[in-house]
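I have a structure I would like to understand better, so I am pasting it below and will then ask my questions one at a time.
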Amino acid sequence: MTKEFSLDRRAYLKTVGVVGTGLGVAGCSGTGDGGGSDGPTAITAGTAPGFPPFEMKEEGELVGFDIDLLEAVVSEAEGYELDGWKEFEFKSLIPALNSDKIDVVAAGMTITDKRDETIDFTDPYYSSDQAIVVRKGGDFAPSELSDLSGHKVGAQKGTTGESVVKSELIEAGDLKESNYNAYDNYVLAVQDLENGNIDAIVIDQPVGQTFEANRDVSIQFTYETGEKFGFGVRTDADEMTTALNDGLAAVREGGTYEELTSKWFGQ
Ligand code: ARG
């Protein structure tokens, strides 16, 4: 009799949507930690806008491929939910991650050995090379890196574009250090290029392409680096990283990844 009642009651609760949520039950029982019946863990994401189409501000709102992709990935990542976004300069993202201001970096960040020493990455979600961007219709037409010698070159601080300038040009003796301008973001670099304050920018190819479509600049040539972008995570967050990788796989398999690439890269 009792058993029958409890079954009925359970069936009733199920129809009103209480059974099996874990959350509702724990809330009523007042025991707090229900041993695995807690709700999802909140994740705060960090990014550095000014890097279209991966992340940029449109009418005050943060939008872009990384924003949509990470949101889709987290919603497929079991046990986690996205709490919100914080904005930083690119070079401050890894320090922000390692001081727990954010839990994941989604910023077109290239997986490099150097960064791998201080943080971990999810599986790669996009590939890129570097592009050398000049003023549209100008007469400066470099076709290889060494042609930048004697000119003013810009890149964003802390990026792989900056690494190319430093290791392939400055350290190689092809560019004076004073001819390199480091910017907090690439939007400022593009402005300086349009104004004639610098002659070229080294920037991730898909971002160079977006600036080419919207600004007075164009890609002059591509420098192959074969970079792969991953979401940055703390080294002690293996469980979250696994959940994000599973989420990324689900987003690829379910067709959302393709939808988002055609939305933001138009292909
Ligand atoms: N892929 C390059 C890097 O990892 C540039 C990333 C810049 N990202 C940004 N959101 N500004 O260094």
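Starting at the first residue of region 83-95, write each ³J(HN,Hα) from the Karplus equation 6.51 cos²θ - 1.76 cosθ + 1.60 with θ = phi - 60°, in whole Hz, x for Gly and Pro.
Once rounded to whole Hz, the list reads 8, x, 10, 10, 10, 9, 6, 3, 5, 9, 5, 5, x.
From the phi of every residue in region 150-161, what ³J(HN,Hα) in whole Hz does the Karplus formula 6.51 cos²θ - 1.76 cosθ + 1.60 yield, where θ is phi - 60° and glycine or proline is x?
x, 10, 9, 10, x, 7, 7, 4, x, 9, 6, x
Same structure again: Please report the relative contact order for the chain, taking Cα pairs under 8 Å with a sequence separation of at least 6, and give it as a percent rounded to a whole number. Present the calculation step by step, with values, prior to reporting the outcome.
Working: 467 pairs, mean separation 67.7, N = 267.
In percent, rounded to a whole number, it is 25.
Could you work out the relative contact order of region 46-131? I mean the mean sequence separation of Cα pairs under 8 Å and 6+ apart, divided by the number of residues, in percent.
Relative contact order, region 46-131: 32 percent.
Just to be sure I understand the model, the point goes 7 Å from the Cα along the line to the Cβ. What's the resulting residue 59 to residue 221 distance in nm?
Result for the modelled spin labels: 4.3 nm.
Let me ask another. What number comes out for accessible area per residue over the chain if the probe is 1.4 Å? Units Å², please.
On a per-residue basis, 51 Å².
Counting only C-alpha contacts under 8 Å and six or more residues apart, can you give the relative contact order of region 96-238 as a whole percent?
On the way: 261 pairs, mean separation 65.1, N = 143.
Here the relative contact order equals 46 percent.
Further question on the same structure: Give the distance, in whole Å, between the Cα centre of region 198-237 and the Cα centre of region 39-94.
Centre-to-centre (Cα) distance: 18 Å.
Another one. Taking all protein chains as present, what is the carbon and sulfur share of the accessible area of the chain, in % to the nearest whole number, probe 1.4 Å? Present the calculation step by step, with values, prior to reporting the outcome.
Numbers: 6130 of 13570 Å².
Roughly 45 percent, rounded to a whole number.
Less than 10 Å Cβ to Cβ from residue 180, Lys/Arg counted +1 and Asp/Glu -1: what total charge do the surrounding residues give?
Numbers: positive: 152, 166, 176; negative: 162, 177.
Its environment carries a net charge of +1.
If you don't mind, there's one more thing I want to ask. GNM, the chain, Cα, under 10 Å: largest mean-square fluctuation among 120, 199, 38?
38
Can you return the lysines within cross-link range of residue 166? Criterion is Cα-Cα under 17 Å, with same-chain partners fewer than 8 residues away left out.
Once the sequence-local lysines are set aside, what remains near residue 166 is 91, 114, 152, 157, 176.
Rounded to the nearest 5, what is the percent of antiparallel bridges among the DSSP beta bridges in region 105-229? Don't jump to the answer; show the numbers that get you there.
Details: 14 of 20 bridges.
The answer is about 70 percent antiparallel.
What is the dipole size for the chain, taken about its Cα centre, with +1 at each Lys and Arg Cβ and -1 at each Asp and Glu Cβ, in debye to the nearest 20? Don't skip to the answer; put the middle values down first.
Working: 21 positive and 49 negative charges, 104 e Å.
Dipole magnitude for the chain comes out near 500 debye.
Given the C-alpha centroids of region 132-179 and region 245-261, what is the distance between them in whole angstrom?
Centre-to-centre distance over Cα atoms comes out at 36 Å.
Springs between alpha-carbon pairs under 10 angstrom, Gaussian network model over the chain: which of 246, 129, 236 fluctuates most?
It is 236.
Show which aspartates and glutamates lie in cross-link reach of residue 57 when reach means a straight Cα distance below 17 angstrom and same-chain residues fewer than eight apart are skipped.
66, 68, 71, 87, 89, 184
Based on DSSP, what percent of beta bridges with both residues in the chain are antiparallel, to the nearest 5?
Values: 22 of 37 bridges.
Taking every DSSP beta bridge with both residues in the chain, the antiparallel ones total about 60 percent.
While we're here: Extending each Cα 7 Å along its Cβ direction at residue 75 and residue 176, get the distance between those two points in nm, one decimal.
For the pair residue 75/residue 176, the computed spacing is 5.4 nm.
Apply the Karplus curve 6.51 cos²θ - 1.76 cosθ + 1.60, θ = phi - 60°, to the phi angles in region 128-133 and return the couplings in whole Hz, x for Gly and Pro.
Each residue's phi maps through the Karplus curve to give 7, 10, 9, 10, 9, 10 Hz.
The values are calculated or read from the model by the stated rules, or taken from the named source; none is laboratory data. Here the structure is a predicted model, which is why all the values come from computation and not from measurement. Backbone-built Cβ (ideal geometry, glycine too); neighbour counts: all protein chains shown. Heavy atoms of the whole protein, side chains included, go into the accessibility calculation; ligands, DNA and RNA do not. Shrake-Rupley method; radii C 1.70, N 1.55, O 1.52, S 1.80 Å.
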